[in-house]
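To start, the structure itself, in structure tokens.
Just so you know, all these numbers are worked out from the coordinates, no wet-lab data involved. Since the structure is predicted, the reported quantities are computational estimates derived from the model, not experimental observations. Neighbour counts are summed over all protein chains in view; Cβ atoms, including those assigned to glycine, are modelled from backbone coordinates with ideal geometry.
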Amino acid sequence: MDTTSRRGYLNGYRVVDLTDFRGLLTGRLLADLGAEVVAVEPPGGAAARTAPPLLGGTGVSRLWAALSHNKKSVTCDIHSADGRALLLRLCAAADFLLVSGTRREVDALGLDADTLRSLNDRLIHVTMTPFGRTGPKAGYADSDLVIWAASGALERNRVDGRVPVRIGTSYQAYFHGASDAVVGALLALAERARSGRGQGVDISFQESLVAANQGQGLYPLVNDVAAGPQDGVTIFPTVWKTSDGYVQFTLTSGPATGHFSNNFMAWVAESGLLPDHLAAVDWRDLPQTSGSGLSASGATKDKYAEKGMGDAERAQIEAIIARFFSTRGTDEILTTARDRRLLLAPILSVADIMDNDHHDARGTWFPTGDADASGPCLPGPFARIRPEAFVNHGGSGAAGAANGDVYGGWLGMTGADVALLQTNGVI
């Protein structure tokens with residue numbers, strides 16, 4: 001998929017990107033859509049450039065390579081008087097301003113609504129903070145894990161009173177908020193088209209995670225039970241070893257989902273591994289479990305035993321399933337699972353994801369745009385739209401690589417002006 005020559009849906013819009021690691025994804029997505037996104041870095045380069053893990057032999061952060069793609073880089077000492085004046089000129093020429101950090105860090109920039117409105121009353125100002133700009137927790141410190149915990153999402157990952165299992169990577173919570181910031185920015189752009197006025201968008205990473213996990217509240221409706229963390233017991237394993245890898249497979253039960261297990265056990269019975277008394281079990285008659293295989297208040301192991309599925313029976317079934325999967329390859333299992341409509345999926349490695357015919361056909365990946373085509377590939381367009389409207393202009397280059405381009409094109413500075421700023425340590 002050739003995206004190098006496209007203009008993009010947001011062609012002509014200018015974005016000043018002051019985000020730290022929390023909000024880098026917002027600018028990346030806007031840049032993918034064709035906006036001219038300018039990452040403003042300190043003269044020595046952004047700290048995120050060296051955040052581990054690094055690309056082999058380059059010293060460049062993998063995070064930075066992925067999230068600065070399609071952006072331009074300028075340098076500016078925004079804490080000096082001349083640097084702040086330069087930053088304000090950029091804001092006056094921009095359509096969007098992106099800022100992320102703790103509330104204290106964001107407030108320290110001095111880019112309040114009144115200041116920005118006096119510069120550019122059409123500017124869309126997007127801030128991303130751990131708990132939002134207002135409220136009693138607005139000034140709290142954060143980390144990815146803190147945001148997950150504060151969202152309530154970890155509660156369902158706590159079994160038998162143990163410590164909750166962490167979700168995702170060190171940045172996953174922030175990615176949710178940064179994606180919501182794109183939506184907020186585009187909604188603000190639509191309002192600006194109507195009213196002619198700029199907008200403020202206040203993103204709370206915590207609130208983004210609460211919204212992303214709101215489906216947890218629907219479990220009682222679909223399962224007719226109210227599951228608490230003390231009931232979060234997995235009746236059967238959900239990860240199984242195949243002859244050449246692993247699959248995720250859930251044995252579910254109850255009126256809503258038991259038919260999936262009936263389909264699977266019929267397949268096992270055809271292999272000759274399942275005794276008649278276990279093959280006769282109708283999984284729809286067992287207590288309801290969630291789609292993830294977790295028990296709920298009406299589906300504890302004791303309730304299973306009351307239905308004739310005690311510890312011995314469950315252990316026998318588990319051993320049979322383990323043997324069944326271990327003698328079959330992942331591809332064979334997946335093909336049959338599709339035909340039989342089973343709740344099953346392969347557990348892919350990073351290498352599996354990269355070497356995937358489906359992803360190749362859809363153009364999921366594109367190279368960084370550097371001369372070395374064998375370099376790392378990055379996620380490509382996040383949607384398939386006709387006509388295609390995403391761009392691929394490559395990486396941001398070295399810190400300040402676009403100083404001449406941006407300060408000249410946006411602000412009308414000459415090469416001598418830019419050189420003087422560099423001599424004086426402003427850029």
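Key figures
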{"item": "Qualifying aspartates and glutamates (Cα of each under 16 Å from Cα of K303; at least 8 residues distant if same chain)", "result": "D224, D231, D282, D285, D311, E313"}
{"item": "Ratio Rg/Rh [Cα only; Rh per Kirkwood] for the range 1-98", "result": "0.99"}
{"item": "Size of electric dipole in the range 234-349: Cβ of Lys, Arg +1 and of Asp, Glu -1, about Cα centre, debye, nearest 20", "result": "220"}
{"item": "Along principal axes, Cα extents of the range 234-349, largest first, whole Å", "result": "37, 28, 22"}
{"item": "Diffusion constant of the range 131-202 at 4 °C, which comes from Stokes-Einstein with the Kirkwood Cα-pair radius and 1.567 mPa s, µm²/s", "result": "89"}
{"item": "Sequence-distant aspartates and glutamates (8 or more away, or on other chains) whose Cα lies within less than 20 Å of K71", "result": "D2, D17, D20, D32, E36, E41, D95, D180, D370, D372, E388, D405"}
{"item": "Rel. contact order, % - alpha carbon contacts under 8 angstrom, at least six apart, the range 316-427", "result": "12"}
{"item": "Highest-MSF residue in the chain out of L348, L98, L286 [GNM, Cα springs under 10 Å]", "result": "L348"}
{"item": "Charge-dipole axis of the chain as Lys and Arg at +1 and Asp and Glu at -1 on Cβ define it, positive-most pick from A193, L273, Y9", "result": "A193"}
{"item": "Correct choice for Rg and Dmax of the Cα atoms in Å that was computed from the model, options (1) 26.5, 87; (2) 21.4, 62; (3) 23.0, 72", "result": "(1)"}
{"item": "Sequence ranges 129-137, 17-25, ranked by mean other-Cβ count within 10 angstrom, highest first", "result": "17-25, 129-137"}
{"item": "Most mobile listed residue (G184, G380, G110) in the chain, GNM with C-alpha springs under 10 Å", "result": "G110"}
{"item": "Exposure proxy ranking, count of Cβ atoms within 10 Å, fewest first, for C76, C377", "result": "C377, C76"}
{"item": "Charge dipole (debye, nearest 20) of the chain; +1 at Cβ of Lys and Arg, -1 at Cβ of Asp and Glu", "result": "620"}
{"item": "Diffusion constant of the range 73-160 at 10 °C, which comes from Stokes-Einstein with the Kirkwood Cα-pair radius and 1.306 mPa s, µm²/s", "result": "105"}
{"item": "Highest-fluctuation residue, Q248, Q288, Q206 considered, GNM on the chain with Cα pairs under 10 Å", "result": "Q248"}
{"item": "Antiparallel bridge percentage (DSSP; both residues within the chain; nearest 5)", "result": "35"}
{"item": "Proximal aspartates and glutamates to K241, defined as alpha-carbon separation beneath 14 angstrom and excluding residues fewer than eight positions away on the same chain", "result": "E318, D331, E332"}
